[in-house]
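Here the structure comes first, spelled out in structure tokens, and everything after it is commentary.
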Amino acid sequence: MPAKKPLDDRVRLSTAAVTRWIGKGTHIAWNRFFPRAVLIDSGTASILNRAASGETPESKLQSMSRRQLLVNRLAFRGDRDPSEAEFVAHIGRAVDRARTSMNDFLERRQEYGALSINNNRCNLTCSYCVQRQAFRGRDTASGNPKPSREERLRRILSVVEQFLQRRIANGLGNASISFNGGEMLMDWPVLAGVVNHLAAVQPSLKIAYALNTNMTLMTPQIARFLAERGFDVHVSIDGYQEAHDKTRQYRNGRGSFQDVLRGVAMFNSSGPPRPITGFQGTLSGASSIETKRVRAMRCLGFTDARLSVNLLGTSPAEGVAGAKLLANLFEPQIRPGLQVIDGYFQKTTNVLRRKQDVFSFYCNGLCGVPTRGIQFNVSTMEVAQACPFFPAAYVSLEDVNDDIYHPRIAETAFAAFTARLKALEENCLGCEVVGICRGGCVMSGLDSANRVNPAACAFQREMWRRFARNLARKQLAVERRGREREERTPSSM
């Protein structure tokens, strides 16, 4: 028998390695598919960069051990770099998990975790509105006639009852229903009709209600209704008045900031169990936003905010400016001021802490797990088991005979999920932060039609670089303190 060819066990540098200078002869490096930021010196950075360009300078590598390189995936054994193939294999396993989840959901008659009732209507004209961009021209489901008001409410109540009945049948005595926009107060009869109907037919069921609103349509009657029924109300405010009024305008161009504050005061004065103390919002024109004025909104009674930056229809330069703005706003505050909740760095830290490399989407709404919840768009009378801003996942109620557990809904969500993964493979594998971004949210990565958004790409790269630099500086500080302790400790003879 011919002798077996010996395995190639040589250590080679990965072409997926990325390096960035952070100052004083120090660089950070990571594998773009499996990022773990590691400190290196200038010599090692030069050699890794040469390897990424196709050279083979392994023999000159002395300043960092081969073991460290292998552990951090900056090097590999054998004749072929496995990084990209392994990352694609992880994507394939994510598809398999999604299919298994979908089949279990259908075969075991599982319940939805939550119901989100949405609409497309709004009295404001925010230029960045992802809902309007995703559902442009879709007032009703394609090819289906618009139902009468009575028929529409009947079908809406049917959807809600199906959602609750499956939960009750599976032994659950609680449920979560949220109302989102668009602006759901423009469909106030629907919201009130659903809540009043459930109070009559399911009086013993514990239902947690939530509402996302721009607050401009709040009235004393609506405020009392929401407060008496324990609604958790979330308000959208795009920062301080000047910034807010540039983006959240009425159709006549008038800003809405003062009307929002009046709505908040009206709701809080109605005695709700959870008064509004925070807000969510999108900051546009990041380069002109003043962080001090954002933090000064504490003076208006707000303690915290969940903020993002507009990356739709803007430039890569604005994407970078948006990353810098958010990174500054995420900094913890010692002095009293509005606390902006970290929406990136903590999530990235959690990804890096995983003991196993498992692919998942950046956004929970695109995770391929249908039991997380169902979206019901009452403007188009469509349902989806995915992100509310992902039109490819929606199915007309007409086409599934108003059955929200019809297999076609799960299958459509699965097809949309796999199409986004295919777009990720086709467009993103060469990106230096693909392992962190993973396609991103539809507002900060591939858009709702799975197209590349250059502004979002620039934002993701800048956010990761800032995260990696901060991580590296913390490592340097730990090393410096260790050296100082050694210098203070007397040596034993």
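The values are calculated or read from the model by the stated rules, or taken from the named source; none is laboratory data. All figures in this text were calculated on a predicted structure; none of them were measured in a lab. With ideal geometry, Cβ positions are generated from the backbone for all residues, glycine too; neighbour counts draw on all protein chains shown.
Among residues of the range 220-246 that are closer than 23 Å to Lys206 by Cβ, those with a beta-carbon under 7 Å from a residue that is among the β-branched types (Val, Ile, Thr) and crowded, with 18+ Cβ neighbours inside 10 Å at least six positions away or on a different chain give the pairs Leu226/Val233; Arg229/Val195; Val233/Thr213; Val233/Ile276. Among the residues of the range 220-253, not one is among the charged types (D, E, K, R) and touching a Pro at 6+ places or on another chain (Cβ under 7 Å). Only a single item in (1) more than 25 Å from Val309 (Cα to Cα); (2) free of Cβ contacts under 8 Å to residues at least 40 places away in the same chain; (3) not charged (D, E, K, R) is not met by Cys428, and it is number (1). Is the range 283-295 home to any residue that is crowded, with 18+ Cβ neighbours inside 10 Å, closer than 27 Å to Ser116 by Cβ and in contact with a Leu (Cβ under 9 Å, 6 or more places away or on another chain)? Checked against the condition, which is being crowded, with 18+ Cβ neighbours inside 10 Å, closer than 27 Å to Ser116 by Cβ and in contact with a Leu (Cβ under 9 Å, 6 or more places away or on another chain), the range 283-295 yields at least one hit. Selection over the range 211-254 of residues that are assigned to a strand (DSSP E or B), of a type outside the set (Asp, Glu) and surrounded by fewer than 18 Cβ atoms within 10 Å (Cβ to Cβ) gives a count of 3. Tell me, please, whether a residue that is in a loop (DSSP other than H, G, I, E, B), touching a residue at least 40 places away in the same chain (Cβ under 8 Å) and surrounded by fewer than 17 Cβ atoms within 10 Å (Cβ to Cβ) can be found in the range 177-186. Among the residues of the range 177-186, not one is in a loop (DSSP other than H, G, I, E, B), touching a residue at least 40 places away in the same chain (Cβ under 8 Å) and surrounded by fewer than 17 Cβ atoms within 10 Å (Cβ to Cβ), which makes the answer no. Taken over the range 191-213, the criterion of being under 29 Å from the mean Cα position of the chain (by Cα) and either at pLDDT below 95 or over 19 Å from Gln375 (Cβ atoms) (or both) is satisfied by Lys206 alone. The range 273-386 holds strands (runs of 3 or more DSSP E) entirely within its bounds, and those carrying 1 or more residues that are more than 30 Å from Ala410 (Cβ to Cβ), of a type in the set (Gly, Ala, Ser) and under 21 Å from the mean Cα position of the chain (by Cα) map to 278-283, 304-309. Among the residues of the range 259-272, none is identified as under 24 Å from Leu124 (Cα atoms) and part of a loop (DSSP other than H, G, I, E, B). None of Arg132, Arg136 is of a type in the set (D, E, K, R), assigned to a loop (DSSP other than H, G, I, E, B) and under 20 Å from Arg248 (Cα atoms) except Arg136. Please enumerate the residues belonging to the range 449-466 that are crowded, with 22+ Cβ neighbours inside 10 Å and either at positive phi or of a type outside the set (A, V, I, L, M) (or both). Once the filter is applied, which keeps residues that are crowded, with 22+ Cβ neighbours inside 10 Å and either at positive phi or of a type outside the set (A, V, I, L, M) (or both), the range 449-466 yields Asn453, Cys457, Phe459, Gln460, Trp464. Residues in the range 75-95 that are over 22 Å from the mean Cα position of the chain (by Cα) and in a helix (DSSP H, G or I): Ser83, Glu84, Ala85, Glu86, Ala89. Say we look at the range 1-24 and pick out the residues that are closer than 22 Å to Met463 by Cα and at pLDDT below 85; which of these is surrounded by the most Cβ atoms within 10 Å (Cβ to Cβ)? Among those that are closer than 22 Å to Met463 by Cα and at pLDDT below 85, it is Ile22. Filtered by the rule that a residue be more than 14 Å from Val159 (Cβ to Cβ) and surrounded by 17 or more Cβ atoms within 10 Å (Cβ to Cβ), the range 400-411 gives a lone residue, Ala410. If only residues of the range 154-176 that are crowded, with 16+ Cβ neighbours inside 10 Å and of a type in the set (S, T, N, Q) are counted, the one that is nearest to the chain's Cα centre (by Cα) is Ser176.
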